[in-house]
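Taken together, the values in this text are just the output of simple stated rules run on the coordinates, not laboratory data. The shown structure was predicted, so the numbers you read here are calculated from the model rather than taken from an experiment. Glycine gets a Cβ as well: all are built from the backbone with ideal geometry, and neighbour counts include every protein chain shown.
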Amino acid sequence: MKRITLGALALALPLAASAAPENYTLDPYHTYPHFAVEHFGVSIFWGRFDRSSGKFMIDRAAKKATLELTVNTASVSTGENDKGSRPRSLDEHLRSADFFNVAEFPRMTFKADDVKFNGDNPAEVTGQLTLLGVTRPLTLKVERWVCKDNPFNKKPMCGGNASGSLKRSDFGMKYALQAVSDEVRLTVGFEGYKD
Amino acid sequence: MNEWLQNPVIQSSVLPFVAGLLAAAILFPLRLGGLAAAVGFAATVAVVGNFALEPLTVTRKIVVLGAMAALLGTLADLAFKPTRFTGIAMGALAGGAALWVFASILGQKIPAEVAIVGAGIAAFTWWLVATTVSLHYDMVRAGAAGLALGLGAGFASVLGASALLGQYGMALGAGSGAFLLLVMVLGGRVEAGVTLTLTVSVLAALIATAAVLLAKLHWLTLVALALVPVLVRLPLPRGPAWMQAVVASVYAFVAAGGACALAWLAGRGWTI
């Protein structure tokens, strides 16, 4: 009887190991939050943040996960950074107090611990977004989730894409609401390596 | 009406001018015509931003200090007789308060930068407040200084990539312009007092400094703005108040225009 129990435990050990919480560190070179806004209700205008960092934990057995993402707001980039004959470029304006106010609020953070699963994969992440000193709930839908080994260095990695939307006025960013939509679509492409 | 108030030009010029003119016209018999600048500024804050205090950002602290300056100025005019030392004392108070306004930004800098930038902020604010408040007895020069300081800080802020601070500055200029218009019409019956001079100097100093620290305004612009209360002291022609107001405004706009020119040149890559 003792042998059977030990044998069963030995068989279950690898399963228990794989069900343990796994911690990942976001790869800053392949993790980019993008935003999209309407300009004059005509076109969709895109921008992104070039520098961000963070980590996430996933426990598939317990259907739990957490995420912490920190975005360097001064890294905002729309590709419009050449001021030409104007006094300032669009990116410089976005960094000013009219929008991201990066001198006063150099970081935007998203902390989530409420994650819904679809099978073994996270499907919806709800957390708190802090922008311009204001914290509001935000839900991101995970549209793509893939875990595999990096084909080159063989390190285990997970990543994908998640998106959601917010009203910038909720965070006190009220400049030019007639010209630039209040609703901001947020899309994050991310990759993380297992610690 | 609502759509009309969404227009940035209306928000930062017509609205504060009309609000300031009404305030000056109603309050000048009480020796409080100088509240025109504060009322004009508040009208723009009401439609552009709001009076919320949470989180207490730099721009919200500026609004708070603007209101406190108007209250303190009113108190000084009604309860005390301002002396030549009033400006120096108010300047010292404002210089210390300016450090509180920008504490969140100074806190992110290394100690050497904190010392240099902090001393610069305090010195600029002290100078602008002390020299402007000392004009409290001269409604023409005080009104012209308020007009030029507001518009100079406002236009320079726009060139420094902050439309919000630009609108706040222009509103201050429009409110001061309303006061000056009443002076041009009614002459010496309208008093500027510490009410006007303290409000415009505190707000202009903080708006321009914020445009340097929160946007891309070149710091030399502040030096040019600091000359506004100096140049308005140049001799004025003998004659009616409207003529003196025009000449004093020309003097003041030499400095304010210089500030805007520096901001524009710096934006085009000019360096010293």
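Between B:Met243, A:Tyr193, A:Val134, the Cα set farthest toward the positive side of the dipole of the protein assembly as shown (charges on each charged residue's Cβ, about the Cα centre) is that of A:Tyr193. Listed from fewest to most Cβ neighbours within 10 Å, the set A:Cys147, B:Cys260 follows the order A:Cys147, B:Cys260. Charges were assigned to the Cβ only: +1 to each Lys and Arg, -1 to each Asp and Glu. The resulting dipole of the range B:25-157 about its Cα centre is roughly 160 debye. Quick one: among B:Leu147, B:Leu135, B:Leu93, which has the greatest mean-square fluctuation in a GNM of chain B with alpha-carbon springs under 10 angstrom? Highest fluctuation among the options: B:Leu93. Normalising by residue count, the range B:134-217 has a Cα convex hull of 64 Å³ per residue.
The distance between label points at A:Ala123 and B:Glu113 comes to 4.7 nm (points 7 Å beyond Cα on the Cα→Cβ vector). With respect to chain B, whose longest principal axis is taken over its alpha-carbon atoms, helix B:36-48 is tilted by about 50°. Between amide H atoms placed 1.01 Å from N, distances below 5 Å from A:Phe117 occur with A:Ala123, all of them 5 or more places distant or on a separate chain.
Neighbour counts of other C-beta atoms within 10 Å: give me B:Thr209, B:Thr197, A:Thr78 arranged from fewest to most. Show your work: numbers first, answer last.
On the way: B:Thr209 28, B:Thr197 38, A:Thr78 15.
The fewest-first ordering by Cβ neighbours comes to A:Thr78, B:Thr209, B:Thr197.
For chain A, what does the relative contact order come out to in percent, with C-alpha contacts under 8 Å and a separation of six or more? Show your work: numbers first, answer last.
Working: 432 pairs, mean separation 44.2, N = 195.
Worked out over chain A, it gives 23 percent.
With the largest listed first and rounded to whole Å, the semi-axes of the equivalent ellipsoid of the range B:77-119 from the Cα gyration tensor are 31, 11, 4. Sparsely packed loop sites in the range B:199-272 (the trypsin sites (Lys or Arg not before Pro) outside DSSP H, G, I, E and B with at most 13 other Cβ atoms within 10 Å) comprise B:Arg238, B:Arg268.
Which FRET efficiency, nearest 0.05, do B:Arg84 and B:Leu5 yield, Cβ-Cβ r, R0 45 Å? Write down the numbers at each step before the final one.
Details: r = 42 Å, r/R0 = 0.94.
Computed FRET efficiency for B:Arg84 and B:Leu5: 0.60.
For A:89-101, what's the mean count of beta carbons from other chains sitting within 10 Å of each residue's beta carbon? Intermediate results must be reported in sequence, preceding the final value.
Numbers: counts 2, 1, 1, 6, 5, 1, 5, 13, 14, 10, 3, 0, 8.
Taking all residues of A:89-101 together, the mean is 5.
Largest first, the three principal axis extents of the alpha carbons in the protein assembly as shown are 113, 45, 45 Å in whole numbers.
Fully extending the segment from A:Arg86 to A:Asp113 would add 5.3 nm, taking 0.36 nm per residue of separation and subtracting the current Cα-Cα distance. What angle do you read, to the nearest 10 degrees and between 0 and 90, between the alpha-carbon axis of helix A:2-19 and the longest principal axis of chain A? Between the helix axis and the principal axis of chain A, the angle is about 10 degrees. When the P(r) of the range B:2-267 is calculated, the portion above 30 Å amounts to 19% of the C-alpha pairs. Sorting A:His30, B:His136, A:His93 from the fewest to the most surrounding beta carbons within 10 angstrom yields A:His30, A:His93, B:His136.
When only Cα pairs below 8 angstrom with a gap of at least 6 residues are kept, the range A:89-164 shows a relative contact order of 19 percent.
Report relative contact order for chain B in percent, whole number only (criteria: Cα-Cα under 8 Å, sequence separation at least 6). List each step's numbers first, then the result.
Details: 540 pairs, mean separation 70.0, N = 272.
Across chain B, relative contact order equals 26 percent.
Against the main long axis of the alpha-carbon atoms of chain B, helix B:241-267 sits at an angle near 10°. For the options B:Ala122, B:Ala98, B:Ala37, a Gaussian network treatment of chain B with springs between C-alpha atoms closer than 10 Å singles out B:Ala122 as fluctuating the most.
The calculated P(r) of the range A:22-194, using every Cα pair and 10 Å bins from 0, goes 10, 37, 32, 16, 5, 0 in percent. Starting from the Kirkwood radius over alpha-carbon pairs of the range B:1-119, derive D by Stokes-Einstein at 10 °C in a medium of 1.306 mPa s and give it in µm² s⁻¹. D = 97 µm²/s. As I understand it, the dipole of the range A:22-194 uses +1 on the Cβ of Lys and Arg and -1 on the Cβ of Asp and Glu, about the Cα centre. Which of A:Val71, A:Ser169, A:Tyr29 lies farthest toward its positive end? Positive-most Cα among the choices belongs to A:Tyr29.
For peptide B:157-169, the mean count of partner chain Cβ atoms within 10 Å of a residue's Cβ comes to 4. The residue list B:Ile88, B:Met170, B:Ala98 was ranked by how far each Cα lies along the charge dipole of the range B:2-267 toward its positive end, using unit charges on Cβ atoms, and B:Ile88 comes out on top. Summing Cβ point charges (Lys, Arg +1; Asp, Glu -1) relative to the Cα centre of the protein assembly as shown gives a dipole of roughly 460 debye. Computed over chain B with a Gaussian network model linking Cα atoms closer than 10 Å, the most mobile of B:Gly152, B:Gly73, B:Gly169 is B:Gly73.
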